[in-house]
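Chemist: Quick one: structure below, then a few questions.
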Amino acid sequence: MALIDNAVYVGGRRVESPSTLSLASRGDLAWIGLLRPDPSELEAVAAEFGLHEQAVEDARKGHQRAKLERYGDTLFLVLRPAWFDHRAESVEFGEVHLFVGDRFVVSVRHAERPDLAALRAQVEADPEFLARGSEAVTAAVLDEVVDGYAPVVEILQDQVDAIEDQLFAGQVDPGVSKRIYQLLSEVLGFQRATKPVPAMVKGLLRGADKYGVDDEVQHRLRNVLDHALRVTERVDSFRALLENALTLHATLVSQEQNEAMRRMTSASLAQGEESRQLARAAHRQGEEVKKISSWAAILFAPGLIAGVYGMNFDHMPELHWRYGYPVAIIGMLVLMGVLWAVFRKRNWL
């Protein structure tokens, strides 16, 4: 059922809990509580209290920004209560619409929280305050929503502090950047819910004298304004801190990457120097091998000639030739000289 509670008050005390919405002419104040009403139920409420069509359309669609609007003698407030879901580890948001007239209040919720039934019981426990009319109910609902922001602020403060501690400890964890983005997104959503509230309360206080709002109700509204301002200031500081933390984390990551690149460059230079040394050693070794090979070839030349004449054959040309020995020596020297000149030209010697 969309109708959660329906009460008529006289002198701040409940005198009737009708099952229908036909109660505009009864008592001093009517307070109707609805949860996710369907269009027909909203139309019935609008017809009973003469609500503006645009305000009813906003309440039907939901997903509205926090705001305060006046349609003739009726106020339309949209509030965005917030709470921290420990299972999802995220900030969750509800939506409460209030239609406030001279003798009625209609509350429309689009989420299970906040528990306006518990708030109603608290307000009914103070008939003197409730007797001050619909403005008293409006102040109580505002107070309940703003008080609900405080636990969220404390949890966000703890999370922001944890991120700061991690960053100042010099821990460059890729997961930190993701967590900062997530937390910043939650803070921005929380900021959108809370930032309009001080202006809304100030608007109510500006019109208090004109519409004859009781002094006690004004006092409570000023108390709500004080709490709302403190919440918005802290949320603004969270946003600034997280944006700075994101910049700092990016700087730390960049420094870490630069340091890693420097180490890689140093290692590469050391490896290059080692390679150059190996290359120089290989080059020197090659030069030595060339020299050794060149001298071996030069020394091989006379051995080749001498080896031919050292073979034990009886019939060899020039074996008993008178000029054979000097010719062989000269041939050895000439061949050795030719080889030396060739190797020298090729820088092998």
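The values are calculated or read from the model by the stated rules, or taken from the named source; none is laboratory data. Not measured: the values here are computed from a predicted model. No Cβ is skipped: glycine too gets one built from the backbone with ideal geometry, and neighbour counts run over all protein chains shown. All accessible areas refer to the heavy atoms of the entire protein, side chains included, with ligands and DNA or RNA removed. Shrake-Rupley method; radii C 1.70, N 1.55, O 1.52, S 1.80 Å.
Chemist: Before anything else, pin down the relative contact order of the chain: Cα pairs under 8 Å, at least 6 apart, normalised by residue count, whole percent. Please list the in-between numbers first.
Modeler: Numbers: 412 pairs, mean separation 45.5, N = 349.
Normalised by residue count, the contact order of the chain is 13 percent.
Chemist: Which of the lysines could be linked to residue 195 by a straight reach, that is with a Cα gap under 24 Å, when you skip same-chain ones fewer than 8 residues away?
Modeler: Qualifying lysines at Cα under 24 Å: 61, 67.
Chemist: Would you work out which of 325, 237, 212 lies farthest towards the positive end of the dipole of the chain, given +1 charges on the beta-carbon of Lys and Arg and -1 on that of Asp and Glu, about the Cα centre?
Modeler: Positive-end residue among those listed: 325.
Chemist: Shape of region 113-257 from its Cα gyration tensor (a ≥ b ≥ c, root eigenvalues): rounded if a/c is under 1.5, otherwise prolate when a/b > b/c, or oblate?
Modeler: Judged from the Cα gyration tensor, region 113-257 comes out prolate (a/c at least 1.5, a/b above b/c).
Chemist: May I ask you to list the lysines whose Cα is less than 27 Å away from that of residue 291, ignoring any residue fewer than eight positions away on the same chain?
Modeler: Residue 291 reaches 345.
Chemist: Farthest toward the dipole's positive end in region 102-176, which of 146, 105, 119, given Cβ charges of +1 (Lys, Arg) and -1 (Asp, Glu) about the Cα centre?
Modeler: The Cα lying farthest towards the positive end belongs to 105.
Chemist: Please provide three numbers in whole Å: the alpha-carbon extents of the chain along the principal axes, with the largest listed first.
Modeler: 158, 39, 32
Chemist: Next up: Tell me, what is the per residue accessible area of the chain in Å², probe radius 1.4 Å? Don't skip to the end; give the middle numbers.
Modeler: Numbers: 20000 Å² over 349 residues.
For the chain, the per-residue accessible area is 57 Å².
Chemist: On to the next question. Roughly what would the spin-label model give for residue 87 and residue 177, points 7 Å off Cα along C-beta, in nm?
Modeler: 3.3
Chemist: Assign one of three labels to region 183-243, namely rounded, prolate or oblate, based on the Cα gyration tensor with a ≥ b ≥ c the square roots of its eigenvalues; rounded applies when a/c is under 1.5, prolate when it is not and a/b is larger than b/c, and oblate otherwise.
Modeler: On the way: a/c = 4.25, a/b = 3.00, b/c = 1.42.
Cα axes put region 183-243 in the prolate bin.
Chemist: Would you mind getting the Kirkwood hydrodynamic radius of region 2-134 from its Cα pairs, rounded to one decimal in Å? Spell out each step's value before the answer.
Modeler: On the way: mean 1/r = 0.0652 Å⁻¹.
About 15.3 Å for region 2-134.
Chemist: Just to be sure I understand the rule: take each whole DSSP H helix in the chain, project its Cα atoms onto its long axis, keep it if the span is 18 Å or more and its mean Kyte-Doolittle hydropathy is at least -0.5. Which ones pass?
Modeler: Working: long enough: 134-168 (51 Å, 0.42); 174-194 (31 Å, -0.02); 215-309 (139 Å, -0.31); 324-345 (31 Å, 1.55).
Span-like helices in the chain: 134-168, 174-194, 215-309, 324-345.
Chemist: While we're looking at this one, here's another question. What does the highest-first list of 139-145, 96-102, 2-8, 275-281 look like by mean Cβ count within 10 Å? Before the final figure, lay out the partial values.
Modeler: Working: 139-145: 23.0, 96-102: 20.3, 2-8: 17.1, 275-281: 10.0.
Ranked from most to least packed, the peptides come out as 139-145, 96-102, 2-8, 275-281.
Chemist: Calculate I(q)/I(0) for region 146-195 by the Debye formula, one identical point scatterer on each C-alpha and no solvent, and give its log10 at q = 0.30, 0.32 Å⁻¹ to two decimals.
Modeler: Here log10 of I(q) over I(0) equals -1.16, -1.23.
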